1. Apply the Kirkwood formula to region 133-332: the hydrodynamic radius equals the inverse of the mean of 1/r over all pairs of different alpha-carbon atoms; give it in Å with one decimal.
2. For the chain, what's the relative contact order in percent, using C-alpha pairs closer than 8 Å and at least 6 residues apart?
3. How do Arg351, Arg386, Arg185 rank when sorted from fewest to most other Cβ atoms within 10 Å of their own Cβ?
4. Quick one: putting +1 on the C-beta of Lys and Arg, -1 on the C-beta of Asp and Glu, what dipole do you get for the chain around its Cα centre, in Debye to the nearest 20?
5. Using only Cα atoms, tell me the angle between helix 348-358 and the longest principal axis of the chain; keep it within 0 to 90° and round to the nearest 10.
6. Under a 10 Å cutoff between Cα atoms, tell me which one of Ala70, Ala130, Ala212 has the largest fluctuation in the Gaussian network model of the chain.
7. What value, in deg cm²/dmol to 500, does the helix sum -39500 (n - 2.57) over DSSP H runs of n ≥ 4 give at 222 nm once divided by the residues of the chain?
8. How large is the Kirkwood hydrodynamic radius of the chain, counting all unique pairs of alpha carbons, in Å?
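Derivation of every value follows stated rules applied to the coordinates shown; laboratory data play no part. Owing to the predicted nature of the structure, the values given are computational and were not obtained by experimental measurement. Every residue, glycine as well, gets a Cβ built from its backbone with ideal geometry; the counts of neighbours run over all protein chains shown.
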Amino acid sequence: MRVSHVALDDFRSYRHAVVELPRGTTVLVGRNGQGKTNLVEAIAYLSAFSSHRVAAEGALVRLPSNGEDAPAGAVIRVRLVSREHREDSDPREQVIELEIVRGRANRARLNRTVLRPREIVGMVRTVVFAPEDLQLVRGDPSVRRHFLDDLATQLRPTLSALRSDFERVARQRGALMKQASARMRRGMAPDLSTLEVWDQQFATLSAQLTSARFELVDRLRDPVARAYAKVSDSPRELSMSLESSVDRILGVPSGEQEQEQAGAQVQRVLDALARVREREVERGVNLVGAHRDELVLDLGGMPVKGYASHGESWSVALSLRLGAFAVLEEDGEEPILILDDVFAELDAQRRAGLAEMVSGADQVLVTAAVADDVPSSLQGHRLEVRADAQAGSVVSDA
Ligand SMILES: Nc1ncnc2c1ncn2[C@@H]1O[C@H](COP(=O)(O)OP(=O)(O)OP(=O)(O)O)[C@@H](O)[C@H]1O
Ligand SMILES: [Mg+2]
């Protein structure tokens, strides 16, 4: 798939911009801080309503300059050209719009028809590789869970609702634990009368989320290993597995629950919760559940985190992204590949390896402050991005 036009209103540094993007590779060049990342971020945001840069949506709406009224919200609108999961069908064009409104629910439109934002999740598929991705390897487990969940959401958009439901229930259950813990410390009996209801909901959602992750890791395993073999010059094999926090608590080797029925999985979460109950009340937090799952990465028998070199870590991060690309493609629709500022970080061999792997993609959007960092095989159409004090970021043919 590809995006043929992007229109932005009050998104980050953009006041109003309409940009036409061709098939194949487009390189966005411009000095630091001009709005290159902002443009690709807008497209990527539509895929799973999450950004590779911020957690808070508020930052996406343009901040007013001195004395000006704050914009009510930001609008991202794209014209999407897709093959609709069938090789032989004519490409289909759709206009997808998301309005991010300050302090209120977002609004979405598909070909001018108003929809709930959840209904447009996953229509635009993207894979973003950016310098922040080193955190996929070096950062804490939540970064890797986020990676899995964003990809799973693109494959199965209903997961978007599951994720927010789980987060809400985990927050509420956590608050209950905190209250109980505070009462204990003051020498009073903890009030756990509503806990059973919360446990049931929590266990149901947690089991669903963990099982979606197991399923995804199975699909990712081979493509990621293949990508690593290609981008690195190492004979060591990259392998991955999901370590569920429930398995950890129950002392079961990871992955054995995969074959189980949903009901049995929920029961296992409840069993694990029962085991940690006392400690949870003591410490006032949720100690087991999908929010504690970990994606374990391993290079030839050695954990990547804490052992891999800087260059190896980069190759692993890149392989995870390329693996994601392969999984989405296999699922029927090739994603738009976004390479945000990555060539400056890679050595010549990895640059060439990456360029070769992505050269056949429907659409690749590359950002670079220095155009020469981009390998010549990827020097497609070039656009210049420049920030103007009055007009905000402006995109023009270079
Ligand atoms: N909500 C916002 N409102 C106004 N300006 C914003 C907003 N969010 C970010 N910016 C501005 O956008 C600019 C950064 O744009 P962006 O990250 O796209 O730069 P870039 O061209 O990718 O630069 P680099 O080469 O350093 O990566 C900064 O000047 C920042 O202050
Ligand atoms: Mg940038």
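1. On the way: mean 1/r = 0.0556 Å⁻¹.
The answer is 18.0 Å.
2. 26 percent
3. Details: Arg351 19, Arg386 15, Arg185 11.
Ordered by Cβ neighbours within 10 Å, fewest first: Arg185, Arg386, Arg351.
4. On the way: 52 positive and 59 negative charges, 259 e Å.
Charge dipole of the chain: 1240 debye, to the nearest 20.
5. Roughly 90 degrees between the two axes.
6. Answer for the Gaussian network model of the chain: Ala70.
7. Numbers: 9 runs with 157 residues, N = 398.
My calculation for the chain gives -13500 deg cm²/dmol from helical runs alone.
8. Numbers: mean 1/r = 0.0441 Å⁻¹.
Every distinct Cα pair counted, the radius reaches 22.7 Å.
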